[in-house]
Amino acid sequence: MTDANRQRILEKVDASKDEAVRFLQKMVSIPSVTGDEAAIQAFLQDYLNTVGLEVDLWDTDWEELKKHPGYRPVARGYEGRPNIVATAKGAGGGRSLLLNGHTDVIPVGNGEGWSDNPWSAKIENGRIYGRGSCDMKSGVASHILAVQYLKELGIDLKGDVLINIVIDEEVSGHGTLDTVIRGYSADAGISGETSDLHVQPACIGRIWFEIEIQGKPAGIQQRYLGVSGIALGQKIVAAVQELEDERVATVKHPLYPSAIDSLPCIIGSFQAGNYPSAFPATALLKGSIGTVPGEDHEGVKQSLVRKIAETAAKDPWMKDHPPVVRFVGYDAEASEIPRGHAIVETVSRNYTEITGKEPTISGRQGAADTRFLNSYGDTPTVIFGPGSTAVMHANDEYVSIDDYITSIKVMALSIYDWCNAQPLAKS
């Protein structure tokens with residue numbers, strides 16, 4: 001490893017800026033809403049082959065996946081929705097590195113609320129706009145181009161680099177889980193998830209739930225004889241708010257100093273009744289809870305069940321007709337690696353070298369696939385990406401071109417440093 005090589009890497013990224021922007025624009029222009037990832041994966045498979053990497057493309061075996069403790073129920077399988085691992089083999093004697101990212105994105109509807117076509121990938125004010133530009137095709141692109149540029153410079157690595165590009169992250173994270181099941185692991189990993197270029201050794205968890213409420217039916221003329229699902233639901237909404245207040249006051253984690261931001265516990269959907277001139281005897285509430293690393297995931301679920309039961313017990317109707325709490329949909333555990341882990345230090349050091357600033361070390365305010373790599377894959381993984389968590393999933397989603405280029409530089413130097421270092425001692 002020489003200073004000359006480091007300078008060559010940075011000059012290569014700068015000289016390739018226009019190419020890097022065009023590559024990301026192409027990725028963003030390919031619609032890839034969860035469930036419809038075939039086209040973007042096929043494009044990347046072809047691209048990775050041209051780079052000269054060993055490409056493993058496979059469809060997840062849904063039945064086998066269901067046997068894993070990390071599996072969460074989903075409504076559809078994975079035929080025609082492949083995952084990718086592209087490997088740049090090292091010469092030996094170095095550390096291996098897995099670069100993880102997803103290409104599926106959330107729906108755009110009919111483009112309501114967007115200033116332009118959500119797949120336009122237009123450039124304006126130093127930003128690339130479009131669904132997935134932030135979350136997280138820019139992160140995936142930075143991984144691919146970092147490896148590509150190292151190869152084009154003829155810079156050899158001792159350790160293997162594995163580019164892991166997965167599907168279904170927005171619903172389950174099963175693409176990364178299946179990467180682990182397929183046997184892929186490395187000495188460390190970097191997830192390109194949205195981080196605002198912060199170095200993030202941790203991510204929160206997320207638990208979706210629904211609460212079904214059954215009131216007492218009545219005719220609209222004698223509505224006073226019924227028990228309104230809306231009125232009952234309002235009490236349950238207040239109870240969920242109380243639970244959030246309790247959690248914010250008591251749950252602490254050093255990477256999440258602002259508990260109110262890190263521990264949302266909310267009702268996000270309130271459906272009641274079914275007709276304007278009919279008494280609303282039923283309600284269905286849907287919401288989510290955020291968790292931080294170190295919490296008992298199942299215990300948090302039970303705290304919600306207890307809170308709803310306690311609230312119901314105080315109500316003259318619900319004490320005999322308690323709401324039903326179900327945990328359905330997205331269910332992701334919080335995860336972290338030590339702040340002092342070598343991969344955290346490597347990414348941090350290179351960020352400082354490139355920007356002249358100390359990195360912000362924080363916990364990601366969102367769930368991430370790192371939970372599978374950390375818990376099941378024996379691959380301690382840090383999060384570092386160019387997208388902003390505040391912009392992901394938003395209309396007019398965008399990524400800063402400057403941040404994107406910085407991310408490619410950090411990735412390239414981190415790969416260079418990590419894969420040429422001595423293997424980690426096994427404990």
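The values are calculated or read from the model by the stated rules, or taken from the named source; none is laboratory data. Values in this document were obtained by computation on a predicted structure and should not be read as measured data. Heads up, the Cβs are rebuilt from the backbone with ideal geometry, glycines too, and the neighbour counts pull from every protein chain shown. When the accessible area is computed, the model is the full protein with side chains, heavy atoms only, and any ligands, DNA or RNA have been set aside. Shrake-Rupley method; radii C 1.70, N 1.55, O 1.52, S 1.80 Å.
The criterion of at least 2 residues that are closer than 22 Å to VAL180 by Cα and touching a Gly at 6+ places or on another chain (Cβ under 9 Å) is met by the following helices (runs of 4 or more DSSP H) wholly inside region 1-86: 38-51, 62-65. When region 407-427 is limited to residues that are open to solvent by 10 Å² or more (accessible area, probe 1.4 Å) and out of contact with any helix residue (DSSP H, G or I) (no Cβ under 6 Å at 6 or more places or on another chain), the one that is nearest to GLU152 (Cα to Cα) turns out to be ASN420. Quick one: is GLY366 part of a loop (DSSP other than H, G, I, E, B) and open to solvent by less than 10 Å² (accessible area, probe 1.4 Å)? Spelling it out, GLY366 is indeed part of a loop (DSSP other than H, G, I, E, B) and open to solvent by less than 10 Å² (accessible area, probe 1.4 Å). Looking at region 154-255, the strands (runs of 3 or more DSSP E) lying wholly inside it that each contain 3 or more residues that are hydrophobic (A, V, I, L, M, F, W, C) and in contact with a Ser or Thr (Cβ under 9 Å, 6 or more places away or on another chain) sit at 161-166, 199-203, 205-214. Beta carbons closer than 6 Å, at least 6 apart along the sequence or on distinct chains, pair a first residue in region 143-162 that is in contact (Cβ under 8 Å) with a residue 12 or more places away in the chain with a second that is assigned to a helix (DSSP H, G or I) and open to solvent by 40 Å² or more (accessible area, probe 1.4 Å) for TYR149/LYS12; LEU153/ARG8; LEU153/LYS12. If the condition is being in a strand (DSSP E or B) and over 17 Å from VAL227 (Cβ atoms), then region 272-307 contributes LYS286, GLY287, SER288, ILE289, GLY290, THR291. Only one entry of VAL328, VAL344 meets the criterion of being under 30 Å from ALA281 (Cβ atoms), touching a residue at least 40 places away in the same chain (Cβ under 8 Å) and out of contact with any Ser or Thr (no Cβ under 7 Å at 6 or more places or on another chain), and that entry is VAL328.
Restricting LEU284, LEU263 to residues that are over 25 Å from the mean Cα position of the chain (by Cα), open to solvent by less than 70 Å² (accessible area, probe 1.4 Å), under 21 Å from SER303 (Cα atoms) and of a type in the set (A, V, I, L, M) narrows the list to LEU284.
So, in region 202-243, how many residues would count as being aliphatic (A, V, I, L, M), open to solvent by less than 10 Å² (accessible area, probe 1.4 Å) and over 30 Å from ILE383 (Cβ atoms)? The number of residues fulfilling the criteria is 5. Scanning region 99-128 for residues that are of a type in the set (D, E, K, R), assigned to a loop (DSSP other than H, G, I, E, B) and surrounded by fewer than 19 Cβ atoms within 10 Å (Cβ to Cβ) turns up GLU112, ASP116, LYS122.
Annotation note: of GLU336, GLU345, GLU353, GLU358, the sole residue that is open to solvent by 20 Å² or more (accessible area, probe 1.4 Å), of a type in the set (D, E, K, R) and in contact with a strand residue (DSSP E or B) (Cβ under 6 Å, 6 or more places away or on another chain) is GLU336. Each residue in region 27-54 was checked for being surrounded by 16 or more Cβ atoms within 10 Å (Cβ to Cβ) and closer than 19 Å to MET411 by Cβ, and 7 of them qualify.
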